[in-house]
Each structure stands twice: as structure tokens, then as C-alpha cells.
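Reviewing the structure listed below.
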Amino acid sequence: MHLKPATRRWIYNLQREYELEDHHLRLLILAGEAWDRCCQARELIELEGVTIKDRFDQLRPHPAVAIERDSRIAFARMLRETGLEVEGAEPPRAPRVGGRK
């Protein structure tokens, strides 16, 4: 899998805790990709700063700021679509393995 090790562990742990259908796993992989992309953008922003100078020597937002924002939104949406983010979320949560609460 192309995800970072911590993201792969997160998905693996969710697979162990919940009875996930194929579409849940696909959504979690998309969420993991968005999370990794968000972290990658955050690292670049920390390294290069929130702003850059354009060809006219004017300050502009670093392109990674938009990538980080869009990735955060995508992560939240994918997680919401799985129904795993909070107890009682709509759509209903996937059942836990063995009926545990």
C-alpha cells in the first residue's frame, strides 16, 4: 500500500475494530491518502513558510496552503461517509466486530 506507515496502521486498527464492507475500506483508503497529502503539505509549509514571493516580488499564499486545506476537507468528508467519526453519526456507524461496544 502506498500510504505512510502510521496511516496504514490507522486503517488496519479500524479494520480490526469494525466490520467494514468493501466500500468502507475504499473510503478509508481515500481518507488516508487525503491525510497523508495534508501532512505532506503541512511539512512543506513549515519548511518554506505560509507565503512565497511571485515574479513581481509580491507575497502570495504558498500553493501548499490550498493543498492542505483541500486535503483536510477531503479527509473529513471521507471519514463522514464511512460513518466512523462519532457515535451516533449519520449514516449509521459500521457494526463493531463481535458486537462489542
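Whenever a residue of region 37-64 is surrounded by 14 or more Cβ atoms within 10 Å (Cβ to Cβ), its partners that are in a loop (DSSP other than H, G, I, E, B), lying with C-beta atoms within less than 7 angstrom and at least six residues away or across chains, give the pairs Ile45/His62; Ile52/His62; His62/Gly49; His62/Val50.
Output the residues belonging to region 62-83 that are out of contact with any helix residue (DSSP H, G or I) (no Cβ under 7 Å at 6 or more places or on another chain) and under 25 Å from Leu25 (Cβ atoms).
First pass over region 62-83, keeping only residues out of contact with any helix residue (DSSP H, G or I) (no Cβ under 7 Å at 6 or more places or on another chain): 63, 66, 69-70, 73, 76-77, 80, 83.
Correct list: Asp70, Ile73, Ala76, Arg77, Arg80, Gly83.
Are any residues in region 31-79 among the small types (Gly, Ala, Ser) and closer than 21 Å to Ala6 by Cβ, and if so, which ones?
Start the filter on region 31-79 by keeping residues that are among the small types (Gly, Ala, Ser), which leaves 31-32, 34, 41, 49, 64, 66, 71, 74, 76.
Once the filter is applied, which keeps residues that are among the small types (Gly, Ala, Ser) and closer than 21 Å to Ala6 by Cβ, region 31-79 yields Ala31, Gly32, Ala34, Ala41, Ala64, Ser71, Ala74, Ala76.
Restricted to region 26-60, and to residues there that are among the basic types (Lys, Arg) and in a helix (DSSP H, G or I), the residue that is nearest to Met78 (Cα to Cα) is Arg26.
Each value in this text was obtained by applying a stated rule to the coordinates, not by laboratory testing. The structure presented is a predicted model; accordingly, all values stated were derived computationally and were not measured. Because the Cβ atoms are built from the backbone with ideal geometry, glycine has one as well, and the counts that use them run over all protein chains shown.
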